[in-house]
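Presented below is the structure to which this report refers.
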Amino acid sequence: MKKKIFSGVQPTGNLHLGNYLGAIKNFVELNNENENDCIFCVVDLHAITVNQDPRELNNNIRGTVASFLASGIDPEKSIIFNQSQVSAHSEAAWILSCVARMGWLNRMTQFKEKAGKDKEKASIGLYSYPVLMAADILLYDSTHVPVGDDQKQHLELCRDIAQKFNNDFKIDNFFKIPEPLIQKEFSRIMSLKDGSKKMSKSEVSDLSRINLTDTKDQIINKIKKAKTDPLPMPSTIEELNKRPEAKNLICIYSSLANIKLEESIKKFSGKNFSEFKEILTDILIDKIIPISVEIRKLLDEKNYLDKILLEGSRKAENIASKKIKKIHEIVGF
Ligand code: AMP
Ligand code: TRP
């Protein structure tokens, strides 16, 4: 069966190594398997669930497309577009918000983390964010959704919403029930400064992450300053699991080198961190600098990036408008 792949990335700043290893690297592989239909969406409607500077948002939309292309996504083989340009996303999100239950949304841990202590001041959009995400996925009859580990719960919610809609309106299989595609070993890349926090665009310190636009010197400096512990490199998985910073750095190495975690542990067992960090820096430079150079080049080609988004949104609109029309009929509009 032909897979229909859909995924989204928020245009909220520079993409980082976590986005790359947790999601985009997977997009590229799926895009290269010829039998797949792939749609990669720059989710600008999701971005405005927290305050955005309009001019920065506009630049970040192009920046996200540039990162997709520079990482190896081929616009001839996939649809790349921004969510706000296809109105069916907002429409479907409203209809699905009448299907989703408060109790389901109240369980979402990402909302709790992002809203923080002052939930009363969070936007309603931040709360209903996973319903919009379900709309994104279901409008395209997506069968597989490649995401990082942090999105697992949102995908389960999407499956629940799809099932409830199909049951409520007694139409078997109207919405396809999508499967998450989450990498087994390296689905959560952590901050370089704190192995218990995920690497994130919103973390204040830039030293906590490797951005896809970083220069060679920035990469060298960030790995040099990355937090470690005083012991030599671990020799077993059990030992590794007790040392979060060491684990994160070895996971980054393994993922970039495309080798199993066990193999990396064996390779570096008992070595000093300084020796390991040099090898890690080399592989990062090798894999990330070509992407970084290409992103910078593409950012000067605004018209080209806009053309990709325009063509992508036409293709997406063509699919989504048919699905939303059927949704209207089903609910009785
Ligand atoms: P976002 O930047 O939140 O739109 O995330 C885009 C994609 O990157 C999603 O599939 C996330 O699950 C994934 N992602 C974000 N941060 C990380 C991380 N630290 N480790 C692994 N995957 C991540
Ligand atoms: N919520 C996702 C994130 O923050 C982004 C996203 C929006 C998405 N719509 C999606 C991911 C649909 C997969 C499918 O990372």
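The values are calculated or read from the model by the stated rules, or taken from the named source; none is laboratory data. This is a predicted model, so every value here is computed, not measured. All Cβ positions, glycine included, derive from the backbone under ideal geometry; neighbour counts span all protein chains shown.
Structure data summary
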{"item": "Scope the stretch 164-185; condition away from ligand 2 (no atom under 16 Å from the Cβ) and part of a loop (DSSP other than H, G, I, E, B); matching residues", "result": "PHE169, LYS170, ILE171, ASP172, ASN173, PHE174, LYS184, GLU185"}
{"item": "Elements of type helices (runs of 4 or more DSSP H) in the stretch 203-296, at least 3 residues being of a type in the set (A, V, I, L, M)", "result": "216-225, 244-257"}
{"item": "Subset of the stretch 78-122 (residues that are outside any helix (DSSP H, G or I) and touching a Phe, Trp or Tyr at 6+ places or on another chain (Cβ under 9 Å))", "result": "SER78, ILE79, ILE80, PHE81, VAL99, MET108, ALA122"}
{"item": "Failed condition for LYS152, given (1) within 14 Å of the chain's Cα centre (by Cα); (2) surrounded by fewer than 17 Cβ atoms within 10 Å (Cβ to Cβ); (3) farther than 25 Å from LYS2 by Cβ", "result": "(3)"}
{"item": "Residue list for the stretch 201-241, restricted to those being over 21 Å from LYS266 (Cα atoms) and at pLDDT below 95", "result": "LYS201, SER202, GLU203, VAL204"}
{"item": "Selected residue (criterion: farthest from ILE210 (Cα to Cα)) from residues of the stretch 1-53 that are more than 9 Å from ligand 2 (Cβ to nearest atom) and aromatic (Phe, Trp, Tyr)", "result": "PHE40"}
{"item": "Failed item, numbered, when ILE223 is tested on (1) of a type in the set (A, V, I, L, M, F, W, C); (2) within 16 Å of ligand 2 (Cβ to nearest atom); (3) farther than 27 Å from LYS114 by Cβ", "result": "(2)"}
{"item": "The one condition in (1) over 16 Å from ASN14 (Cβ atoms); (2) at pLDDT 95 or above; (3) out of contact with any Asp or Glu (no Cβ under 9 Å at 6 or more places or on another chain) that SER255 fails to fulfil", "result": "(3)"}
{"item": "In the stretch 257-279, residue farthest from the chain's Cα centre (by Cα) [restricted to those that are hydrophobic (A, V, I, L, M, F, W, C) and buried (at least 20 other Cβ atoms within 10 Å of the Cβ)]", "result": "PHE268"}
